[in-house]
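The numbers here are math on the coordinates, done by the rules we state, and not lab data. Since the model is a prediction, treat every value here as computed from it, not as a measurement. Reconstructed Cβ throughout: ideal geometry from the backbone, glycine too, with neighbour counts over all protein chains shown.
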Amino acid sequence: MSAEKKKKRVSKKQILMGAVSSLMVLLAALSFKVNQSEKAYHVERILDGDTVVFKGGKTVRLLGINTAERGQDDASMSAEYLKALLGDRNVWLEEDRYEQDRYGRDLAWLWVGCESTPKFLASDFMIKTSNSHNDAPVGNPIGCKKGVLVNEQIIKMGWSKVYFLSKKGEMKYESRLDAISK
């Protein structure tokens, strides 16, 4: 074998070390994402019946609903209901395919009453290809079997109708909300 070929040859140990290093970087990135969704939030204030500011300044707009805005008849009542529902409890945020609205608010499904840290499906779970999607989840996430999907509860109580922007692609619990609004 020529000296030139010997220089280019990489040992099995070097390949293994490179693979291990790449795997560690990937695992670190994945654990950061998982840790973000495993954080419980606590309410700082309620802006209206579908928008919450959490301690630390995170503003979240609930997916799938659209309650009365401030100044409208039912606005303060829907906000009070949301405040009572969230209270001083752990609130878990589940992301979906769209992360923020045009006002810079995070978009999320809110869960309360979970028995442990929920295990949420990936935010892009519904996307299979550009023309198709996975079947929507039917039940609650693992770790939140006893929990309440806040977005759904607001519709059940009559404070909102189902609200999704058309042609944006199906969201995780869209069919679940559609089923209770009929």
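Before moving on, here are some points about what is shown:
- Within region 143-182: backbone nitrogen closer than 18 Å to the residue 134 label point (7 Å, Cα to C-beta): 143-145, 169-177
- Sorting the segments 99-109, 147-157 by their residues' average number of neighbouring beta-carbon atoms within 10 angstrom, most packed first, yields 147-157, 99-109.
- Model label points for residue 142 and residue 175, set 7 angstrom from Cα along the Cα-to-Cβ axis, are 2.2 nm apart.
- Distant-in-sequence amide H partners of residue 97 (H built 1.01 Å from N, under 5 Å): 172
- Rounded to the nearest 0.05, the FRET efficiency derived from the C-beta distance between residue 119 and residue 83 at R0 = 30 Å is 0.65.
- Cβ-derived FRET efficiency at R0 22 Å, residue 106 paired with residue 75, nearest 0.05: 0.55
- Given 58/182; 55/167; 55/128; 83/146; 146/167, the pairs whose alpha carbons are separated by over 30 Å: 58/182; 55/167; 55/128; 146/167
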